[in-house]
1. Do any GluC sites (Glu not before Pro) in the range B:143-225 lie in a DSSP loop with no more than 16 other beta carbon atoms within 10 Å, and if so, which?
2. B:S202 versus A:A330, label points 7 Å from Cα toward the beta carbon: distance in nm?
3. Can you give the accessible area of A:H341 in Å² (nearest 10), computed on protein heavy atoms with a 1.4 Å probe?
4. With every protein chain kept in the model, how would you rank A:T90, B:T173 by accessible area, 1.4 Å probe, largest at the top?
5. Roll a 1.4 Å probe over the protein chains and send me the accessible area per residue for the range A:223-309 in Å².
6. What's the average, rounded to a whole number, of partner chain beta-carbon atoms within 10 Å of each residue's beta-carbon in B:200-206?
7. Relative contact order of the range A:243-346: what whole-number percent is it, with Cα pairs under 8 angstrom and at least 6 residues apart?
8. For the range A:10-23, take each phi angle, set θ = phi - 60°, evaluate the Karplus expression 6.51 cos²θ - 1.76 cosθ + 1.60, and give the result in whole Hz per residue in order, putting x for glycine and proline.
Amino acid sequence: MTVAVTIESIDKRFLAFQALRNVSLDIQPGELVALLGPSGSGKTTLLRLIAGLEQADAGRVLFGDTDTRDLSLRDRRIGFVFQHYALFKTMTVADNIAFGLRSRPRAERPDSAEIKRRVQALLELVQLPGLERRYPSQLSGGQRQRVALARALAIEPQVLLLDEPFGALDARIRKDLRAWLRDLHSRTGHTTVFVTHDQEEALELADRVAILHEGKLEQVGTPDDVYDHPATPFVCEFLGEANRLPVRIVGSQAFLDDRPVLGGLSQNQSGAAALYVRPHHLKFVDDGPLSIPGVVEELRRTGPLRRAEIAVSGLTKRLALDLTSQVAPAIGERVRVKITHATAFATA
Amino acid sequence: MSDATLPRHDAAAAPAPAAKPQSARSVVGESPIIQAALITVSLAFLLLFLLLPLITVFVEAGARGWSGYREAITEPDAVSAIRLTLLVAAIAVPFNVVVGVAAAWAIAKFEFRGKNLLISLIDLPFSVSPVISGLVYVLLFGAQGYLGPFLRANGIEIIFALPGLVLATIFVTFPFVARELIPHMQAIGSTDEEAALTLGASPWRVFFSITLPNVKWSLFYGVLLCNARAMGEFGAVAVVSGKIRGLTNTMPLHVEILYNEYMSAAAFAVASLLAGLALVTLALKALLEWRYGDAIAASRRH
Ligand SMILES: Nc1ncnc2c1ncn2[C@@H]1O[C@H](COP(=O)(O)OP(=O)(O)OP(=O)(O)O)[C@@H](O)[C@H]1O
Ligand SMILES: [Mg+2]
């Protein structure tokens, strides 16, 4: 039922514009992979290539051992959920969901009682029983989203492709549907690729995250991998806030204005570098080696946490630090902060 | 965008502001005098130029009483004109529907070289005088035309015969269906079709169960207008017909002949049938808009 998807060095051009450059990605059977990237990075293009709605200029896509170029759209058995759902508005919800089954060649087509039964089962699976007679225009955004998913699941797809499945919904419903999709995936076990430009969504939902930037795959890895060990500055900045410190690396130590700020660097990358530090990887310390002196200039609340902004001599931007305890410094207080974790990228 | 594709809707909605409460008017910022003047002018125009002629047609048609009317429209030449008109429309309209849908489909769903040229060409029949299009066919297929000798040698008659009438009618009425469909299909885009294809539907099934239902109202409008014009066309048809009574005379031509022979009551009797057709077309359109207005608006909106 579910298959592995192998993407081998795909290139895709639209006229002069290079939308995808040498993209390769292996997806395990039953895996849930997020394609993450800013707008225009080629996420939809890659998804459409997997689906066969777009032809690659170079490279190929395999389902299991089968080259998809040998498969017709029907034989690919793709469950595709479009960015704006693309429900058939002249059909009821039930007819929408049954469309794929009714499109099968006569020999493989289930009889109408069986189709009805499956539609019911799918509506229950997506938690929308009783809505079969409605038209898409009579549904809320979240309901349309789930109907689109039921319609895609009806053909018993080998691979499920979701293009910004929650893109058009408000923040609250997005969160609910996230948990629901995760749950659905663990029950049905389809190999799933979903597109999103919301890094939080990608990190929370996916088994692995693939980050696209200007048509290139910057990094592929588990959420922990990509978050804690970003491969490029772009990935680091795209996945969450980070302080950027211009440092010099000498030996295993990083120096900010001749002051050592971080030690134990394993990479042998002496020279100028940018040190990326997430706000929660900074902490207040009383004193000691590798600590950075500064002045608290602002305190803000960011959701559950409180954030201090600290001016440090030699830095144009203030350092952002997430407070882990209730004890907060006062504005204007002189403090020392220490980096607990950071990623260094050499700069030219 | 729906406004641009739906001029009729605006026309139907136009009288409504007059019935709106005073407060609504001040929002628009026109003084009541200007508004009254505008309404009077347009009403007077409608009465004088549109309604009066229509009434005249029916009054004149009845000038000789019911039996005179019946005689005029059951007389053999009239019957054959009616039959010919229906036949021409029965060939030209389906042809234009098929070709119009194909052209609209190509323009709306594909990118190709010469697309803009094709769009302009579709409008050509609207910008060329029908008489000229008729003349072009005579020039091509007439006895003295470029293909005349070849056609005569093979015993094919086009000018002064049914094929000529059909060709001229097709040319003149071609834009109606395509122009109605193109903006609508473009607005809808092709994601619905792509969704159907990924669900395993064959191209035929996609066309008949997705594409066509999505544009059925525009298509119906187009057919309605195309048909009205096909039956009423005079200029182009007059040139290629030769006006052989009982053979190549369509209803509009028959009306003119009768009128020129000072048989005005008979002329108006036949004309009243054409006017009746126009009224039925209007009524159907109004009925559609009233009954399915929401569906039409919804399907056009997106
Ligand atoms: N049919 C096309 N013709 C020309 N250029 C295209 C076409 N489709 C996509 N592109 C271009 O390819 C690039 C990638 O587009 P794509 O739709 O894959 O982006 P995306 O990552 O899905 O963005 P978003 O998050 O905004 O949906 C864009 O710059 C876009 O303009
Ligand atoms: Mg996209």
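The values are calculated or read from the model by the stated rules, or taken from the named source; none is laboratory data. Just so you know, these numbers come straight off a predicted model, no measurement behind them. Reconstructed Cβ throughout: ideal geometry from the backbone, glycine too, with neighbour counts over all protein chains shown. Accessible surface is based on the protein model in full, side chains and every heavy atom, while ligands, DNA and RNA are left aside. Shrake-Rupley method; radii C 1.70, N 1.55, O 1.52, S 1.80 Å.
1. Working: sites: B:E157, B:E180, B:E193, B:E194; in loops: B:E157.
Here the GluC sites (Glu not before Pro) that fit, given the DSSP loop and packing criteria, are B:E157.
2. It works out to 8.3 nm between the two label points.
3. Result for A:H341: roughly 60 Å² accessible.
4. On the way: A:T90 55, B:T173 0 Å².
Descending order: A:T90, B:T173.
5. On a per-residue basis, the range A:223-309 sits at 50 Å².
6. Details: counts 17, 7, 5, 1, 0, 3, 1.
Going residue by residue through B:200-206 and averaging, the value is 5.
7. Numbers: 229 pairs, mean separation 32.4, N = 104.
Across the range A:243-346, relative contact order equals 31 percent.
8. These are the phi-based 3J(HN,Hα) values: 7, 10, 9, 10, 10, 6, 8, 8, 8, 7, 9, 10, 6, 8 Hz.
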